[in-house]
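The next block holds one structure in the form of structure tokens; read it before the comments.
Read the figures in this text as sums done on the coordinates, not as results from a lab. Keep in mind that this is a model prediction, so the values were computed, not measured. Cβ placement follows ideal geometry from the backbone for every residue including glycine, while neighbour counts extend to all protein chains displayed.
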């Protein structure tokens, strides 16, 4: 996204005190006018319901979730609420794109979490209402006469007369209601394409069709900038195809960094972003950066983007005698594992592993030299996000014991139907 930088301080260095003050006042007035215009433009992109509630906003160039939260909710720190209601549209909260329609309040188009995960509270007797979260009252003591706080009361806004407006934005009760709705009403997806494309894989010693990134360019001349310049979303970069191969306008490419070698399983391929070919010139190709997973620079390689198979909304089904694999490590050589870390397993599609499968890393039961006995227990849970013939890539979902060395066994415990 384009960003506007103000350079008024450069002129201030060359002016005397009197002109400088005048220039600063003029700049301040311009900034105030620009902010007012921006607020009007933002409001023009909004869809308002009959009751006056703002339902959605169409993203325009320069918008950020921070700014939208400040405009519609009165507090920029509430931007996660907008993100949680739009996970089906926004893959990465750092990047939103012109034309996207973002929901600003719960509607019928926002799917609810399946009922089995968030069951409705049981019907209460009219004479006695007890909150599920309330601790039982000990025998011989009196219960607190104050009514318990229920989930329903948290999601209902208090009367407007009891809550003052906050800086002209929504009332606190309404913000609480929308926050709770954002947590409970979001679409479920077992696997996202961003996880599939960004996690990387092992080459398995295969010869892959590498192209090359030459750096950012200034159209229409193919004049690459220095290799240490990072490419941002919408940046145009120059790429070349492998020898004897060609790209077509519209082709999607994965920019990658070729990492360390895992003995017997090839090198680590670490994605840095997705490019889309938009033009050709002077025997080279011009591509636009459409997704960023890391630093995209000249000198990196590109591969044709693999097609992502949409898994739908099915949930993994437990299996009793699943595949047993061995942990090969991750992108680096770190033994301590953390959630969302990428790791590799030594079993792939030929062994029956598929994207979306769940594995448990388990400690091996044994007696150590000092007499200590280790029991067979779970150390971490993984989800497979990418599969090749003999290896698979997984992300760590949760960690119980982070000290997981290479060679630890992982057992397949669930599969997508």
Query raised in the report: Between residue 192 and residue 370, what is the FRET efficiency for a Förster distance of 41 Å, r being their Cβ-Cβ separation, to the nearest 0.05?
Result: 0.35
Report summary line: re the range 258-318: pairs of Cα atoms spaced beyond 13 Å account for a percent value of 76
Report task. Calculate the spin-label point distance for residue 307 paired with residue 409, positioning each point 7 Å from the Cα along the beta-carbon direction, and give it in nanometres. Result -> 3.8
Query raised in the report: Peptides 247-253, 62-68: what's the order by average Cβ count within 10 Å, highest mean first?
Result: 62-68, 247-253
Report task. For the range 268-417, count the residues as N, evaluate 2.2 N^0.38 Å, and divide the Cα radius of gyration by that value, please. Result -> 1.28
Query raised in the report: Can you list, bin by bin at 5 Å, the percent of alpha carbon pairs in the range 199-304, starting at 0?
Result: 3, 14, 25, 24, 18, 10, 5, 2, 0
